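The values are calculated or read from the model by the stated rules, or taken from the named source; none is laboratory data. Keep in mind it's a predicted model, so treat the numbers as computed, not measured. In this analysis, Cβ positions are derived from the backbone assuming ideal geometry, glycine residues included, and neighbour counts consider all displayed protein chains.
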Amino acid sequence: MNILILDPEKKVSYRISKDTSGGYGTGNNFGDTIVPMFLKKTLKKVHDWPPMFAVYTMSALKKNGHKVDYQKNLPENFNQYDFFIVVSSIVCCETECEYIKELSKSKKKIFVIGPYATNMPQKYINAGGTVIMGEPEFFFLKDQDLNKLENGKSISFNHDYALDDLPYPDWNNVVKSNKTSLLFGTDKSLPILATRGCPYSCFKYCVYPLQQGRKPRQRDPKSIVDELEYWNLKFKVKMFIFRDPVFSINKKHTIEFCNFLINRKLNLKFVIETHLRILDTDLIDLLKKAGLKAVKVGVESFDEKVLKESGRFSVSKDQQLEKIRELEKKKIQVSAMYILGFPTDTDETINKTINYSKKLNTTYAQFSVWTPYPGTPVYSEFKDKINAEKYENFDQYQLVYNHNLFNKYEIRNYLSKAYTAYYLRINWLIKYIKSFITV
């Protein structure tokens, strides 16, 4: 079969990522003043990759003998393909549906994949697509007659595959440049997967567990290192971005991975996203020895009450500061993530969060807007308060519900203020320069 994987994006001046926010996607529309405008234009230039579930799907299809192309725009000769697979997201939902309607003119089957379509399938079905529920790479890994699949509905399936059963993602035919991520240095980089699933309490508003589940699954540590070595030899990649919801959720697994990587002597670097409570001194030292370059951590809010009422668990402020300083002392960059516009946020709590971010003064800081995503438990609580005109507004940088105190313009102003107040500081500039000089 000749298959096109179509990954449409809406036309905007900022970076669209369908890989983030559990595969729902985000649009890095940081703010409307000079500093956030500069940051979002810069990020669009240096940071880009497709969602991993789409690239794994491509590899699974090729393993079964299909010819597969990946495109972000619909080619003029799209009628040459036997099937179409559309990559879904909330951040480009309406755009994707318009593409599906256009593809429907070919009278050929259109499959829709991804966490967002899995949880909100009807809009895509109405447009003319067939939604593959769950993790699509495992569905297409099974060798089957695609002609027999029904059109215009959703397809559920069960499988007993493990993560290591997947072929390596087909980055060779997807990544068109070397700009997959230059945030943490000038080395070429690629995303990679070690685990899926997250058991933490923030599942109330986080979308990762919706498709990956709350039970962690992991790859064999040796297989992970084998893949790192493969991409290093094939593409000369020296930096890898782990896309696990919470890296090192299984400490024993992480230790085995580090030891394999150290013994292989590949001299590679990697970035992880994790929870500060997981990182103790011994693990930090081992990760550093294995090649850890940077850590992304969720701080979210300064206010303990705001965090508690949102269902977010965090370590104490003293522990946060202690862990972050320990990482930095060992020449590991830290990127801290904050959320503005929690339901119980006030002017005071938002300003305290911004001031706290400046106190932590990490190499990077990301500020986004609290979003009750469709499919999450919290969405049912806020469904009647949603004021967004379309799903594409759920980009994590706009207020999409009626807040008790703020309107969407006030939150956007706070977002712009946060980025400006954080990055327009001599203390931050010194920290940023030192992080690269000493690493």
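Taking each residue of the range 290-302 that is on the phi < 0 side of the Ramachandran plot and looking for partners that are at pLDDT 95 or above and of a type in the set (Gly, Ala, Ser) with beta-carbon atoms closer than 7 Å, six or more apart or interchain, yields 294/335; 296/335; 297/336; 299/336. Filtering the range 136-146 for residues that are surrounded by 15 or more Cβ atoms within 10 Å (Cβ to Cβ), at pLDDT 90 or above and within 28 Å of residue 238 (Cα to Cα) leaves a non-empty set.
Per-residue answers, yes or no, for (1) of a type in the set (Phe, Trp, Tyr); (2) over 24 Å from the mean Cα position of the chain (by Cα):
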residue: 356; (1), (2): yes, yes
residue: 361; (1), (2): no, no
residue: 376; (1), (2): no, no
residue: 382; (1), (2): yes, no
residue: 388; (1), (2): no, no
residue: 415; (1), (2): no, no
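So, residue 393, is that one among the polar types (S, T, N, Q) and farther than 20 Å from residue 357 by Cα or not? Judged against the criteria, residue 393 is a match. The one condition from (1) under 23 Å from the mean Cα position of the chain (by Cα); (2) surrounded by 15 or more Cβ atoms within 10 Å (Cβ to Cβ); (3) in a loop (DSSP other than H, G, I, E, B) that residue 302 does not meet is (1).
With the structure loaded, tell me whether residue 382 is assigned to a helix (DSSP H, G or I) and either modelled with pLDDT of 95 or more or assigned by TED's automatic domain parsing to the domain that holds residue 275 (or both) or whether it fails that test. Judged against the criteria, residue 382 is a match. Filtering the range 218-258 to residues that are free of Cβ contacts under 8 Å to residues at least 40 places away in the same chain and part of a loop (DSSP other than H, G, I, E, B) leaves only 248. What are the residues in the range 385-439 that are loosely packed, with under 15 Cβ neighbours inside 10 Å and assigned to a loop (DSSP other than H, G, I, E, B), if any? The answer is 387, 389, 390, 402, 404, 405, 407, 424, 425, 438, 439.
One line per residue, one yes/no per condition, for (1) of a type in the set (S, T, N, Q); (2) in contact (Cβ under 8 Å) with a residue 60 or more places away in the chain; (3) farther than 30 Å from residue 142 by Cα:
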| position | (1), (2), (3) |
| --- | --- |
| 8 | no, yes, no |
| 16 | no, yes, yes |
| 21 | yes, yes, no |
| 27 | no, yes, yes |
| 31 | no, yes, yes |
| 34 | no, yes, yes |
| 56 | no, yes, no |
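Evaluation of residue 358 against the conditions (1) more than 21 Å from residue 88 (Cα to Cα); (2) not in a helix (DSSP H, G or I) shows that the sole unmet condition is (2). Suppose the filter is outside any strand (DSSP E or B), crowded, with 23+ Cβ neighbours inside 10 Å and more than 20 Å from the chain's Cα centre (by Cα); does residue 124 pass it? Here the answer is yes, as residue 124 does meet what is asked. Scanning the range 318-349 for residues that are under 15 Å from residue 300 (Cα atoms), not in a helix (DSSP H, G or I) and not charged (D, E, K, R) returns 334, 335, 336, 337, 338, 339, 340, 341, 342, 343, 344, 346. In the range 5-41, which residue that is surrounded by fewer than 22 Cβ atoms within 10 Å (Cβ to Cβ) and of a type in the set (A, V, I, L, M, F, W, C) is nearest to residue 91 (Cα to Cα)? Out of the qualifying residues, it is 12.
In summary, residue 157 fulfils each of the numbered conditions (1) hydrophobic (A, V, I, L, M, F, W, C); (2) outside any loop (DSSP other than H, G, I, E, B); (3) more than 18 Å from residue 58 (Cα to Cα) with the single exception of condition (2).
Taking the criterion of being hydroxyl-bearing (Ser, Thr, Tyr), in contact with a helix residue (DSSP H, G or I) (Cβ under 7 Å, 6 or more places away or on another chain) and surrounded by fewer than 21 Cβ atoms within 10 Å (Cβ to Cβ), the residues of the range 308-360 that qualify are 314, 344, 349.
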